[in-house]
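A short reminder: the numbers here are calculations on the coordinates, not readings from a lab. On a predicted model such as this, the values are computed, not experimentally measured, just so you know. Cβ sites come from the backbone with ideal geometry, for glycine too, and all protein chains shown count toward neighbours.
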């Protein structure tokens, strides 16, 4: 398999830490994944799992201080982004890798019209005149399905609805035909009927432009319908990394299973939801071993002692859990589990 | 749950409720128009059941909840709670009646005083409604914390020391403090992570069984609604488009909007194949809603009659009402 040729982005052992008065928070604690050309990778997790920090780290947008990328590498087309100068990064951001955020109102400038903002992004990266950039901005707005784009381009963000603002963000992100699009909860603030429109739009544009997408979300339904592969994050680490369809039919990690069980489903009746006991550990006070061990129904002594590695257990599935290692059989049961 | 729905007593009856908010502007700040947030809705809730209101932003679901509590004064209509019209009550009487009508909001942090300990917050609720004699309050608070799965030591702690899910439990304990009959849950679990949300949903269900509570559950999350409801009411632009028991809404939705809404939700199940009805455009402005059926501008099945005549909410089957010209 000639997989490496298709790899556009490869993240190896990425670590992003925050140094605060309370101590060091390892928000992203050694994660590795890769993105192939034209595919969609979902990163899912609950609040505090480190999924958004991962996306910001990829573009080196971590506020510093207090944050810092403490280690690892981010290979984009074979070159490490962490060794680039700030100037080089600026020419990559929005041009080769671009990003859309959850709340478009806070990422759009309220005093410039939608068209001006898209045109600015185009002019920053391409040698185009003002008029040409404006025309291209209007074209982009038409492409993302905004009705009467000539009129809308002249309007300011507050005159647009939530769904339309997100379309403007997508138009801006795709204006320079980036090779990678990072979408951080792009539909979370939107109503479901609008969410369906936006997800459909991202899928179509992805096909047309061949863009690879990293979709960060907490919604497992969205992952199922849009992603090819998925990485499940918990407390700064990837616990399961597999095909999107696989995760719903054949989840491996106890956290993934717990997450799926606690989801109220539209497609089945449940009298009682199965829950994961307890809460996510504090980032300043991580357990010594597997960070999920205190909430895990299967935990043994080994889980509290050492952190399991993310390792392949099938052709396309990687899991970080002691249950899937040869050591598991020999491991002794945990001493009396502390009540949660 | 053994009693059939039809035989249960009606606890709350909302009749032709309208809630218009004036828009001030122009010269001398005159009222130039109205936002018709809730426009003539009629429904009832039976003792011990959970009725959910679903709909997208701006459909009037939260406004309906607020109007029932008279947090906003409704424009017209009537709200009967246990056969008394809430809108005719004086301020004092209304305050007393609020003992029976409690609310849990989406963001528990915003509704808990950050400078008060949990014991103080719950004690205040008990003192205002004077439901428990002073000397018994402490034990009552401990009991309440136990009901929602918190330790008695929590009394001495402040809201910021708790996680989001725990704060929502405190919000629930406060609502329970005064032995209410009806609890309005306004997006009560929407801000919580799935694993925490499941814990809180299970808690709400078990408290309902334990104390024979009635819930009006306002949510945009249809998965959650399917889990918790007995009946579901779908709203669009201030109007009820469909009310039915849970099974009919999810298995035989009739209104085109309900069908589109259900089909828009991504479901992680390969067996659950559905045809997606992709709506075009946005929800129109509630200031100047479309004539005729409010949904006609986005409806894929629109006919001429829909553009001029407002469809009435009609019974289409037992326990199923729908407002659509095409269906009826």
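Listing for the model above:
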read-out: Three principal axis lengths of region A:100-205 [C-alpha, angstrom, descending]; value: 39, 31, 23
read-out: Estimated FRET transfer efficiency (residue B:301, residue A:96; beta-carbon r; R0 51 Å; 0.05); value: 0.70
read-out: Average beta-carbon neighbours from other chains, 10 Å sphere, peptide A:205-212; value: 0
read-out: Listed residues B:191, B:317, B:260, most fluctuating in chain B (Gaussian network, C-alpha, under 10 Å); value: B:317
read-out: Nearest 10 degrees, 0 to 90: helix B:194-211 Cα axis against chain B principal axis; value: 80 degrees
read-out: Whether region B:143-205 is rounded, prolate or oblate, judged on the alpha carbon gyration tensor where a/c under 1.5 counts as rounded; value: oblate
read-out: Angle in degrees between helix A:130-143 and the longest Cα principal axis of chain A, rounded to the nearest 10; value: 50 degrees
read-out: Residue among A:224, A:284, A:234 with the largest mean-square fluctuation in a Gaussian network model of chain A, springs linking Cα atoms under 10 Å; value: A:284
read-out: Residue-averaged 222 nm ellipticity for the protein assembly as shown, from DSSP H runs of 4+ at -39500 (n - 2.57), nearest 500; value: -9000 deg cm²/dmol
read-out: For chain A, built as a Gaussian network whose Cα springs stay under 10 Å, the top-fluctuating residue of A:245, A:84, A:68; value: A:84
read-out: Beta bridges by DSSP in chain A, antiparallel share as percent, to the nearest 5; value: 60 percent
read-out: Relative contact order computed over region A:127-220 (Cα-Cα under 8 Å; 6+ residues apart), in percent; value: 27 percent
read-out: Shape category assigned to region A:67-134 from the gyration tensor of Cα positions, a/c cut at 1.5; value: oblate
read-out: 0 to 90° range, to nearest 10: angle between helix B:118-129 axis and chain B longest Cα axis; value: 80 degrees
read-out: Cα pair count fraction exceeding 29 Å, expressed as % - chain B; value: 42 percent
read-out: The protein assembly as shown - share of DSSP beta bridges that are antiparallel (%, nearest 5); value: 65 percent
read-out: DSSP-defined beta bridges in chain B - what % are antiparallel, rounded to 5; value: 65 percent
read-out: Span from the region A:259-307 Cα centroid across to the region A:168-213 one, whole angstrom; value: 32 Å
read-out: Residue-averaged beta-carbon neighbours from other chains (10 angstrom radius) around A:162-170; value: 1
read-out: Radius of gyration, Dmax [region A:1-160; alpha carbons; angstrom]; value: 18.4, 52
read-out: Coordinate range along principal axes, alpha carbons of chain A, Å, largest first; value: 71, 50, 48
read-out: Contact order relative to length of chain B, as percent, for alpha carbon pairs under 8 angstrom and 6 or more apart; value: 19 percent
read-out: Alpha-carbon radius of gyration plus Dmax, which is the widest Cα pair, for region A:1-93 in Å; value: 13.9, 48
read-out: Pairwise centroid distance, computed over Cα atoms, of region B:41-75 with region B:111-138, Å; value: 27 Å
read-out: Exercise: per-residue mean of other protein chain Cβ atoms within 10 Å, B:275-282; value: 5
read-out: Mean-position separation - Cα centroids, region A:1-71 and region B:292-323, in angstrom; value: 49 Å
read-out: Value of Rg/Rh across region B:114-173 [Cα atoms, Kirkwood radius]; value: 0.94
read-out: The protein assembly as shown, Cα convex hull volume normalised per residue, Å³; value: 193 Å³
read-out: Shape category assigned to region B:53-116 from the gyration tensor of Cα positions, a/c cut at 1.5; value: oblate
read-out: Gained length - residue B:94 relative to residue B:280, 0.36 nm times residue gap less alpha-carbon distance; value: 62.6 nm
read-out: Length-normalised contact order of chain A in % [C-alpha pairs under 8 Å, at least 6 apart]; value: 19 percent
